[in-house]
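Student: Mind having a look at this structure? Questions to follow.
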Amino acid sequence: MIIQEWDGCPIRFAAGIFGDKWCLVILRDLIFKSKHYYGEFLEGGEGISPNILADRLSRLVDQGILEKHLDSEKASKYIYKLTTRGLDLIPTMLAIIEWSYTHDKNSLVSKDYVEEYRKNRVRFEKKARRAAEENVSGT
């Protein structure tokens, strides 16, 4: 039997937004690496092609995860910022980091970072959100 209607499935909903690794890498760069410009994402070292980057940024904007604005200081450049919906992904991103630390023998995440997160997840998530919000308003 083929399921015709997948509405309401939380995994399908999220997969429809994120779909592949690039959306998560862009979110990582926004949340944890303070990147906001197309060129910064392109130079991230992961090897994303310009057309894929443009598509994923557009997808995240269309889904209400990011906002795209002309930069007031660099008028020829666009700046990407997390929306409230995007900031709400911080706990999920931290859970992915913890899971990867546990299961990826080559993880670059420090033991101290994961231990601090595990001590008080709620406080750690709030701290990460504040940092991301300050980064957005300070850009």
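Student: Output the relative contact order of the chain, whole-number percent, from Cα pairs under 8 angstrom with separation of 6+ residues.
Tutor: 20
Student: Normalise the Cα radius of gyration of region 33-105 by 2.2 N^0.38 Å (N = residues in it) and let me know the number.
Tutor: Details: Rg = 14.0 Å, N = 73, 2.2 N^0.38 = 11.2 Å.
Against the compact-globule rule of thumb, the ratio is 1.25.
Student: Given a Förster radius of 30 Å and the C-beta distance between Ser107 and Ile52 as r, what FRET efficiency does 1/(1 + (r/R0)^6) yield to the nearest 0.05?
Tutor: 0.75
Student: Quick one: give the max-minus-min coordinate of the C-alpha atoms of region 93-139 along each principal axis, largest first, in Å.
Tutor: So the extents along the principal axes, rounded to whole Å, are 36, 21, 15.
Student: In region 33-72, what GluC sites (Glu not before Pro) fall in a loop by DSSP, with at most 14 other Cβ atoms inside 10 Å?
Tutor: Glu43, Glu46
Student: Sticking with this structure for a sec: Across every pair of different alpha-carbon atoms, what Kirkwood hydrodynamic radius in Å does region 10-137 reach?
Tutor: After inverting the pairwise mean of 1/r, the radius is 15.5 Å.
Student: A further question on this structure: Can you tell me the FRET efficiency between Ile96 and Glu73 if r is taken as the Cβ-Cβ distance and R0 is 30 Å, rounded to the nearest 0.05?
Tutor: The computed FRET efficiency comes out at 0.40.
Student: Val61 to Glu40: extension gain in nm, 0.36 nm per residue of separation minus the Cα-Cα distance?
Tutor: Answer, rounded to one decimal: 5.9 nm.
Each value in this text was obtained by applying a stated rule to the coordinates, not by laboratory testing. Note that the structure is a prediction, hence the values are computed from the model and not measured. Every residue, glycine among them, receives a Cβ derived from its backbone with ideal geometry; neighbour counts consider all protein chains shown.
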